[in-house]
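**Student:** Below is a structure I'd like to ask you about.
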Amino acid sequence: MRKHIAATVDVARVAESVRSIPDVAFATDYRYMCSEGGQTLLRQAVKEHGLSRIVVCACSPRMHEATFRKAAKAAGLNPYLVEIANIREHCSWVHKDKEVGTAKAIALAKAAIAKVRLNTPLTAGESPVVKRALVIGGGIAGLQTALDIAEAGYKVDIIEKSPSIGGKMAQLDKTFPTLDCSACILTPKMVDAAAHENITIHTYSELEKVSGYVGQFEAVIRKKARSVAVDRCSGCGLCMEKCPSKKAASEFDEGLRTRSAIYIPFAQAIPNVPVIDREQCLKFQADKCGLCAKICPAGAIEYGQEDELITNKYGAIVLATGFTTIDPVRFGEFGYLHHKDVITSLEFERLTNAAGPTQGKLVKLSDGKKPKSIVFVSCVGSRDTTERGKSYCSKICCMYTAKHALLVKEKYPDIAVKVFYIDVRTPGKGFDEFQRRAVEEYGVEYIKGMVGKVTEEGGGLAVHASDVAAGTKIVAEADLVVLATAVTPSSDARKLASMLSASIDTDDFYTEAHPKLRPVESPTAGIFLSGVCQGPKDIPETVAQAGAAAVKAIGLLSKDKLLTNPCVAHVNETTCSGCLACEKVCPYGAITADYKQVNSKGLKERRLIAHVNEALCQGCGACSVACPSGAMDLRGFSNKQIMAEVDALC
Amino acid sequence: MLAEKQSTEQNFEPLIVAFCCNWCSYAGADLAGTARRSYPANVKIIKVPCSCRVNPTFILRAFLRGADGVIIAGCHPGDCHYTTGNYFTRRRMTLLMGLLGYLGVDKARLRVEWVSAAEGNKFAEVMTDFAGTIKALGENVKLRDLRCK
């Protein structure tokens, strides 16, 4: 305690000044209260002085409350008879003057003492754990998490909003820095997940509603109507071939080619069953056609299919909702809307992929000819503090841009390749070596400078940029301009966050319970984070985090019972008037009303009394404030306890 | 803590009580500490599970006991750990501010702020600003009830 806190708080004086407070039997200071020595000191003090309450003046209770509760328990005290005065984060670390810091620490200690006097022994309840996990998102993050949980022997359901699992990784051509074929390393995982006896995959499905709490979540999943019977379809593809409506932009190919109204997003899709895009289908739009139903050899087409709602119980939920990229239309200076040859990096992936719209032949979209020069623009929307951009670094763009540049040079050495950048950030195993190879071996020209605008000139494009090193403005010719658009969380991240009461930051990335020590858990118990939904990361990091999230979920599922928070609401039945103002403000439906026999002013009467379901109550305390008679109170944060703290501070 | 205030006009040190919700603002205050973002020591924090746990009577009690300012900090609207708690806080405190105005207390002595667990800087800024406001307003003489002491 002394080393950290003692710089601006005289801890000996804090101990000295609280010693004279009535009921304080023992006060001392110790260097590291959370250490084994500190805890031993605490146990001995309880024994020697017959202590019935403990106040620890130390770091934040968010850090070590559990430690001291355990120590109290070991000393034979109820763990809830401990209070922490936060004299580190809330005092020593934010105040520079020792006199001021010491005075505040004494005040905080006095408040904690005032509160702890009123603490009552509490016992945590138990609630059972449903041994099944729900993974939201069927990209590489979700698949890896699901596979790891399933391998540990627990049932897992994956829900994926698009018609196939695979996510963004399925769209990529090669992966950096090893240049593995992305689909080649992903599809075996997709097949493993689909074939695993413990995994159930719901594609074309979304989360409709979630209730419950850790160990006992109840989720309603909306399985959108596929209009094709999954169990009968053989995946022959005849329907897609014959479908006359072929004008829809292919989502998988980033709109670089069209698809039919009845479609399988890509060749290796799982399930290999088409879905009818009802917006595009003539049968649904004009009640014409119906060709697919006529020709399907399996009779699998079902126009009358409706959305199906499935309700399931889960012990743990893993968010693996992944990412999308920022809309380049926001950045008008690059002319994405006006020039066909200004494309995004994801479009470039499809354009160079052997299974893509050009069978991997790199061509200009405007005329189908091979480009002579390509300019890559990094940080489009990343590290941009203006309203239209994102202030963070998207982390993967430097490396995939280097990958694109290198691959172009490898296949077409005659194409001139320039990369405009703010900084080149390549930390990672083999990353810097890779980027340097692109420059030194392949002759990719890296220019430090921002691109101001892209204009059309003489049939090609002109990239107007600054060259920071030369201190000049330059105009680079380009047949193709590739924009490294910022990584942004999936558009439903916020909706899911409020559905699950999982925290989310201002950029819509899910917040972890602790940025250093609990990086794969949401602050909401039982919700875990996997992949880019928590922050930008590349594939190996995503897989590592997915595994970590799985382990956390397995740790939870392996328990038969969980201890519940005993700091829940309770009713004083003699003063409750049965007005049920409490019931209206409870977000969990934890308050019900029953007719009960009660003693009221010496008379026995039968009347309506509020009742708290302690398994449902999460302990927010909204009811205790709404209650006009003060009959509803919150254990651990009672009216009297908080009032005592107020009195002690003021 | 009246002695602490030493209320000579120039070096008036206000007494400020901050109710912080456990999930966002208390953690935000922790982060302010970890990041060593300083703010006036006049601010003393009471932890509550949710900003909606703050009963208006706690605030009135603080003013009666001589607090010069009370601030309630909770999760941003839409981000409440308990889904809807901070909406209740917002409505209740709006009403209480009206009541304080009616009583002749400057309603700037009561403030509601949203500080997330990631906003350590904002926590320090908000507390510095609030302490400045209260210092400028001077002592709470209207509600302070000496019989409480």
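Quick note: the coordinates plus some simple rules give every number you see, no bench work behind them. Note that the structure is predicted; figures quoted are calculated from it, not measured. FYI the Cβ positions are ideal-geometry reconstructions off the backbone, even for glycines, and counts take in every protein chain you see.
**Student:** Give region A:266-279 a look and list any residue that's within 15 Å of A:CYS243 (Cβ to Cβ) and either surrounded by fewer than 20 Cβ atoms within 10 Å (Cβ to Cβ) or free of Cβ contacts under 8 Å to residues at least 24 places away in the same chain (or both), or say none.
**Tutor:** Result: A:ASP277, A:ARG278, A:GLU279.
**Student:** To continue, here is another question. Sort out which residues of region A:81-98 are closer than 10 Å to A:VAL9 by Cβ, in a helix (DSSP H, G or I) and either facing chain B (nearest Cβ under 10 Å) or free of Cβ contacts under 8 Å to residues at least 24 places away in the same chain (or both), and write them in order of number.
**Tutor:** Of everything in region A:81-98, those that are closer than 10 Å to A:VAL9 by Cβ, in a helix (DSSP H, G or I) and either facing chain B (nearest Cβ under 10 Å) or free of Cβ contacts under 8 Å to residues at least 24 places away in the same chain (or both) turn out to be A:ARG88, A:CYS91, A:SER92.
**Student:** Let me ask another. Only one of (1) touching a residue at least 40 places away in the same chain (Cβ under 8 Å); (2) more than 28 Å from A:VAL439 (Cα to Cα) fails for A:PRO328. Which number is that?
**Tutor:** If we test A:PRO328 against (1) touching a residue at least 40 places away in the same chain (Cβ under 8 Å); (2) more than 28 Å from A:VAL439 (Cα to Cα), just (2) comes out false.
**Student:** Residue by residue through region A:91-104, note down the ones that are closer than 25 Å to B:PHE58 by Cβ and in contact with a Ser or Thr (Cβ under 7 Å, 6 or more places away or on another chain).
**Tutor:** A:VAL94, A:HIS95
**Student:** Against the condition away from chain B (no Cβ under 14 Å) and surrounded by 14 or more Cβ atoms within 10 Å (Cβ to Cβ), how does A:ASP508 come out, does it pass?
**Tutor:** no
**Student:** While we're on this one: What is the number of the single condition among (1) in a helix (DSSP H, G or I); (2) without any contact (Cβ under 8 Å) to a residue 40 or more places away in the chain that A:THR426 does not meet?
**Tutor:** (1)
**Student:** Here's something else I'd like to know. Determine whether A:SER60 is within 22 Å of A:GLU645 (Cβ to Cβ), in contact with a strand residue (DSSP E or B) (Cβ under 8 Å, 6 or more places away or on another chain) and polar (S, T, N, Q).
**Tutor:** Yes: the conditions hold for A:SER60.
**Student:** Counting only residues that are over 37 Å from the mean Cα position of the chain (by Cα) and part of a strand (DSSP E or B), how many does region A:449-458 have?
**Tutor:** Summing the residues that are over 37 Å from the mean Cα position of the chain (by Cα) and part of a strand (DSSP E or B) in region A:449-458 gives 3.
**Student:** Among the residues of region B:86-105, is there at least one that is assigned to a loop (DSSP other than H, G, I, E, B), within 10 Å of chain A (Cβ to nearest Cβ) and buried (at least 19 other Cβ atoms within 10 Å of the Cβ)? Give the derivation first.
**Tutor:** Initially, region B:86-105 is screened for residues assigned to a loop (DSSP other than H, G, I, E, B), giving B:104-105.
Next, from what is left, pick out any that are within 10 Å of chain A (Cβ to nearest Cβ): none.
No; the residues of region B:86-105 include none that is assigned to a loop (DSSP other than H, G, I, E, B), within 10 Å of chain A (Cβ to nearest Cβ) and buried (at least 19 other Cβ atoms within 10 Å of the Cβ).
**Student:** Follow-up question, since we're still on this one. Could you please give the count of residues in region B:27-78 that are part of a strand (DSSP E or B), crowded, with 24+ Cβ neighbours inside 10 Å and not hydrophobic (A, V, I, L, M, F, W, C)?
**Tutor:** Count: 3.
**Student:** Only residues that are within 11 Å of chain A (Cβ to nearest Cβ) and surrounded by fewer than 23 Cβ atoms within 10 Å (Cβ to Cβ): list them for region B:123-132, please.
**Tutor:** Hit for region B:123-132 is B:THR128, nothing else.
**Student:** Related question: For region A:621-634, which residues satisfy the criterion of being in a loop (DSSP other than H, G, I, E, B) and either surrounded by fewer than 20 Cβ atoms within 10 Å (Cβ to Cβ) or within 10 Å of chain B (Cβ to nearest Cβ) (or both)?
**Tutor:** Across region A:621-634, the qualifying residues are A:GLY621, A:CYS627, A:PRO628, A:SER629, A:GLY630.
**Student:** Taking strands (runs of 3 or more DSSP E) that fall entirely within region A:459-560, which contain at least 2 residues that are over 23 Å from the mean Cα position of the chain (by Cα) and either among the small types (Gly, Ala, Ser) or closer than 24 Å to A:LYS161 by Cβ (or both)?
**Tutor:** Strands (runs of 3 or more DSSP E) meeting the threshold: A:460-467, A:472-478.
**Student:** Still on this model: Specify the residue that is farthest from A:ASP505 (Cα to Cα); the eligible residues are those in region A:382-405 that are hydroxyl-bearing (Ser, Thr, Tyr) and surrounded by fewer than 17 Cβ atoms within 10 Å (Cβ to Cβ).
**Tutor:** Per the stated criteria, the residue is A:THR386.
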